[in-house]
Amino acid sequence: MGWIAKIARVGRMVEPAQNAPEATIAPPTGVAGSLQIRHVDAGSCNGCELEISGAFSPVYDAERFGARLVASPRHADALLATGVVTRNMRQPLLNTLHAVPEPRVVIAVGDCACNGGVFAKGYGVVGSVGDVVPVDVEVPGCPPTPSQIITALRTVTGR
């Protein structure tokens with residue numbers, strides 16, 4: 001066996017899933033273990049977006065727990081918002097929220113979305129996501145890790 005075969009690993013490499021976390025909210029009616037998510041960047045520094053990409057990458061694979069990102073808010077069960085809400089993004093955030101059919105879940109990811117973070121007193125900032133729309137699940141961290149994001153999504157899907 002050559003040296004390449006010794007260092008190369010074949011197959012899917014993921015972290016093993018822990019037991020499902022306790023559900024903190026009831027999943028929306030009709031979700032049945034899956035969650036279609038529309039993501040909105042309301043004014044972040046893109047740190048949280050990198051971690052969300054990591055959560056849905058093959059390494060962490062959030063889709064194995066029933067969470068999936070969708071392109072249209074009309075196809076979503078949940079709205080995942082990142083960053084502080086800037087003046088220019090307040091109305092698009094509200095428009096996206098109203099386009100997501102009821103019942104829906106709103107998830108705020110990152111310190112900025114939860115409480116304004118380091119940008120809370122910025123001149124172009126309206127406030128945190130919770131100041132503009134009702135938030136059901138908060139994922140604190142600057143930025144939160146992919147594991148923290150997946151744990152929060154699992155509390156909604158129950159998987």
Practice task
Hey, can you tell me all the residues within segment 50-89 that are in contact with a strand residue (DSSP E or B) (Cβ under 6 Å, 6 or more places away or on another chain) and of a type in the set (Asp, Glu)?
Solution key: Asp77
Practice task
Could you list, in sequence order, all residues of segment 124-138 that are under 21 Å from Leu50 (Cβ atoms) and free of Cβ contacts under 8 Å to residues at least 40 places away in the same chain?
Solution key: Glu138
Exercise for the section: Kindly check whether there is at least one residue in segment 82-97 that is crowded, with 23+ Cβ neighbours inside 10 Å, within 16 Å of Val40 (Cα to Cα) and among the hydroxyl-bearing types (Ser, Thr, Tyr). Expected result: yes
Completion exercise
Of (1) crowded, with 22+ Cβ neighbours inside 10 Å; (2) farther than 17 Å from Ala152 by Cα, Pro101 satisfies every one except (1)
Practice task
Could you check, for segment 114-126, whether at least one of its residues is closer than 15 Å to Gln36 by Cβ and surrounded by fewer than 17 Cβ atoms within 10 Å (Cβ to Cβ)?
Solution key: no
Handout entry: Subset of segment 61-97 (residues that are among the acidic types (Asp, Glu) and touching a residue at least 12 places away in the same chain (Cβ under 8 Å))
Key = Asp61, Asp77
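Is it the case, given these coordinates, that Asp77 is of a type outside the set (A, V, I, L, M, F, W, C), farther than 18 Å from Cys112 by Cβ, at pLDDT 65 or above and buried (at least 21 other Cβ atoms within 10 Å of the Cβ)? So that I can check it myself, show each step before the final result.
Working: of a type outside the set (A, V, I, L, M, F, W, C): yes; farther than 18 Å from Cys112 by Cβ: yes; at pLDDT 65 or above: yes; buried (at least 21 other Cβ atoms within 10 Å of the Cβ): yes.
Yes; evaluated as a whole, the condition is true for this residue.
Mind listing whichever residues of segment 139-154 are more than 15 Å from Glu49 (Cβ to Cβ) and surrounded by fewer than 20 Cβ atoms within 10 Å (Cβ to Cβ)? Please lay out each step first, then the result.
Keep residues of segment 139-154 that are more than 15 Å from Glu49 (Cβ to Cβ), which gives 140, 147, 150-154.
Selection gives Pro140, Ser147, Thr151.
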Problem - Residues of segment 18-68 that turn out to be β-branched (Val, Ile, Thr) and modelled with pLDDT of 90 or more, as a count - result: 4
Exercise for the section: Return the pairs, sorted by first residue and then second, in which the second residue is hydroxyl-bearing (Ser, Thr, Tyr) and outside any helix (DSSP H, G or I), the first residue lies in segment 33-52 and is at positive phi, the beta carbons are less than 8 Å apart, and the residues are 6+ apart or on different chains. Expected result: Gly43/Thr86
Practice task
State whether one or more residues within segment 73-85 are touching a Phe, Trp or Tyr at 6+ places or on another chain (Cβ under 7 Å) and part of a strand (DSSP E or B).
Solution key: no
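Under 15 Å from the mean Cα position of the chain (by Cα), surrounded by 14 or more Cβ atoms within 10 Å (Cβ to Cβ) and modelled with pLDDT of 90 or more: is that true of Asp131 in this structure? Show your work before the answer.
Working: under 15 Å from the mean Cα position of the chain (by Cα): no; surrounded by 14 or more Cβ atoms within 10 Å (Cβ to Cβ): yes; modelled with pLDDT of 90 or more: yes.
Here the answer is no, as Asp131 does not meet what is asked.
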Problem - Members of segment 98-123 found to be without any contact (Cβ under 8 Å) to a residue 12 or more places away in the chain and of a type in the set (D, E, K, R), listed by number - result: Glu102, Lys121
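The values are calculated or read from the model by the stated rules, or taken from the named source; none is laboratory data. Just so we're clear, the structure is a prediction, and the values are computed from it rather than from any experiment. When we count neighbours, we look across all protein chains shown, and the Cβ atoms used for this are built from the backbone with ideal geometry, even at glycine.
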